[in-house]
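Enquirer: Just passing along the structure, written as structure tokens.
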Amino acid sequence: AKAGGKGKGKVPDVPEKKEPAHGKHYLQKQEGLAAATLPGADVTDADIKQLWIAGLDITVDEATLIDWLGAAKGLQEVRIPRDFRKKSKGFAYADFETHEDARACALKMHGKKLNDRIIRVELSRPTKAVFEHGTVFAKGIPPGAPHGEWVSALREFFRDGLKEVRVMADDRGNCKGHAYLDFDNPERVQEIVDLKQIRIRGCTLAVSKSIPMKDHRWQTANPNKVLKRNEEEAKREALPVEARKVLFVKNLNFKTTEDKIKKHFEQSGKVERVVLVRTPEGRPKGLAYVEMESPEAAMAAQILNGTPLDGHHVDVSQSNRPITERKERPAGGGEGRQQWQAEGERG
């Protein structure tokens, strides 16, 4: 469109689409991958020599990860953080000799799969500082000691440059055994930390730089997709043939009949029979068993999982047992009733 003539508004400029920058890296030459799309490209500090690798499943260990990285140039060490149970948290760090080596590895490996999971490989971004600026941590205060007395004692002892004293206390106002001291300059903090120990009110307190509280969150690695799939396949193969022909169907409309279910599943093959699960009073539970002509037909029919039937999206899965005839409930109580219940539970 042209800019408007007399009496017409000016057509706004349409921003030009930026073409990818073609760098010297072989992937940029082959795929036109822009430098700006490199994972972690916003990190400009050339001193960063570490990669953050995420998306790992619970079976991946350091040796597996090193093998997956394929003897990357400059790779020095791989570390997988673990929880208190020694289980992987699903991510890792990899250290390299140079920033260039780490960057090249990120560009090469980002988005590739390991155990059928897409893995993120990015330059590790700086986190919080190792120590709190201007804060000293002191421990050794007698637990249960009066809070106010120790606040006054610490203020009296550390007068020069002291801004605030934070003695940690419980709900009753008694000391927990440690305190934080805030100072107005780092030189004063270093001067105190160099002492390592101080004596106050007859007690020896250990002093050190304060480490900031990190934002912890409960995180565990995902299961191994390949292993899980193999286990499910093994369980399915271990079932008798009659059971492998049967599908378990959930989330049915209570008004759906056996004929409608049969017609729905005949899209994938011949249906031998359909059994609706009902309450003792005869009301439908929204569940059914569908027996197909063969295990292969039952496998093919699982594609109907999530398809609509009478306004409901049905849940279709492999049954773990064949269809059995419902046992007649014996009249009365006693041993006959108990035996019937036990056989029903086993069936």
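Enquirer: Regarding region 290-305, can at least one residue be identified that is among the hydroxyl-bearing types (Ser, Thr, Tyr) and touching a strand residue (DSSP E or B) at 6+ places or on another chain (Cβ under 9 Å)? Full working, then the answer.
Expert: We begin by selecting, within region 290-305, every residue among the hydroxyl-bearing types (Ser, Thr, Tyr); these are 294.
Next cut, touching a strand residue (DSSP E or B) at 6+ places or on another chain (Cβ under 9 Å) only: none.
For region 290-305, residues among the hydroxyl-bearing types (Ser, Thr, Tyr) and touching a strand residue (DSSP E or B) at 6+ places or on another chain (Cβ under 9 Å): absent.
Enquirer: Restricting attention to region 81-102, does a residue exist that is in contact (Cβ under 8 Å) with a residue 60 or more places away in the chain, at positive phi and acidic (Asp, Glu)?
Expert: No.
Table: residues versus (1) part of a loop (DSSP other than H, G, I, E, B); (2) surrounded by fewer than 17 Cβ atoms within 10 Å (Cβ to Cβ).
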site: TRP52; (1), (2): no, no
site: LEU65; (1), (2): no, no
site: ALA71; (1), (2): yes, yes
site: GLN76; (1), (2): no, yes
site: ARG103; (1), (2): no, no
site: LEU107; (1), (2): no, no
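Enquirer: Do we have any residue at all in region 142-157 that's touching a residue at least 24 places away in the same chain (Cβ under 8 Å), open to solvent by 90 Å² or more (accessible area, probe 1.4 Å) and farther than 24 Å from ILE198 by Cβ?
Expert: No: zero hits.
Enquirer: For region 158-200, how many residues are among the hydrophobic types (A, V, I, L, M, F, W, C), surrounded by fewer than 17 Cβ atoms within 10 Å (Cβ to Cβ) and more than 23 Å from ALA145 (Cβ to Cβ)?
Expert: 1
Enquirer: Of a type in the set (Gly, Ala, Ser) and modelled with pLDDT of 80 or more, is that true of ALA63?
Expert: Considered against the rule, which asks whether it is of a type in the set (Gly, Ala, Ser) and modelled with pLDDT of 80 or more, ALA63 comes out as yes.
Enquirer: From ARG273, ARG229, ARG217, grab the single residue that is at pLDDT below 90, within 30 Å of HIS312 (Cα to Cα), open to solvent by 20 Å² or more (accessible area, probe 1.4 Å) and of a type in the set (Lys, Arg).
Expert: Residue meeting the stated conditions: ARG229.
Enquirer: Just need a number here: residues in region 90-112 that are in contact with a Ser or Thr (Cβ under 8 Å, 6 or more places away or on another chain) and hydroxyl-bearing (Ser, Thr, Tyr).
Expert: So the answer is 1.
Enquirer: Could you count how many residues in region 240-288 are in a helix (DSSP H, G or I) and either within 12 Å of PRO322 (Cα to Cα) or acidic (Asp, Glu) (or both)?
Expert: 6
Enquirer: Filter region 118-151 down to the residues that are of a type in the set (Lys, Arg) and modelled with pLDDT under 90, then identify the one that is farthest from ALA179 (Cα to Cα).
Expert: Taking the candidates together, the pick is ARG125.
Enquirer: Continuing with the same structure: Inside region 232-264, can you point out the residues that are without any contact (Cβ under 8 Å) to a residue 60 or more places away in the chain and surrounded by fewer than 11 Cβ atoms within 10 Å (Cβ to Cβ)?
Expert: Hits for region 232-264 are GLU233, ALA234, GLU237, ALA238, VAL241, LYS255, ASP259.
Enquirer: If you check THR307 against the conditions, is it touching a Leu at 6+ places or on another chain (Cβ under 7 Å), among the polar types (S, T, N, Q), farther than 21 Å from LEU239 by Cα and touching a residue at least 24 places away in the same chain (Cβ under 8 Å)?
Expert: Working: touching a Leu at 6+ places or on another chain (Cβ under 7 Å): no; among the polar types (S, T, N, Q): yes; farther than 21 Å from LEU239 by Cα: yes; touching a residue at least 24 places away in the same chain (Cβ under 8 Å): yes.
Considered against the rule, which asks whether it is touching a Leu at 6+ places or on another chain (Cβ under 7 Å), among the polar types (S, T, N, Q), farther than 21 Å from LEU239 by Cα and touching a residue at least 24 places away in the same chain (Cβ under 8 Å), THR307 comes out as no.
Enquirer: So is ASP83 surrounded by fewer than 17 Cβ atoms within 10 Å (Cβ to Cβ), within 20 Å of ASP61 (Cα to Cα), in contact with a strand residue (DSSP E or B) (Cβ under 9 Å, 6 or more places away or on another chain) and not basic (Lys, Arg) or not? If you could, list the steps in order and put the result at the bottom.
Expert: Details: surrounded by fewer than 17 Cβ atoms within 10 Å (Cβ to Cβ): yes; within 20 Å of ASP61 (Cα to Cα): yes; in contact with a strand residue (DSSP E or B) (Cβ under 9 Å, 6 or more places away or on another chain): no; not basic (Lys, Arg): yes.
For ASP83, the condition - surrounded by fewer than 17 Cβ atoms within 10 Å (Cβ to Cβ), within 20 Å of ASP61 (Cα to Cα), in contact with a strand residue (DSSP E or B) (Cβ under 9 Å, 6 or more places away or on another chain) and not basic (Lys, Arg) - is not met.
Enquirer: Checking the condition of a type in the set (D, E, K, R) and in a strand (DSSP E or B), which residue from GLU291, GLU237 passes?
Expert: GLU291
The values are calculated or read from the model by the stated rules, or taken from the named source; none is laboratory data. What you see is a predicted model; the values in this text were computed from it and never measured. Because the Cβ atoms are built from the backbone with ideal geometry, glycine has one as well, and the counts that use them run over all protein chains shown. Each accessible area value is taken on the protein alone, full model and side chains, heavy atoms only, with ligands, DNA and RNA left out. Shrake-Rupley method; radii C 1.70, N 1.55, O 1.52, S 1.80 Å.
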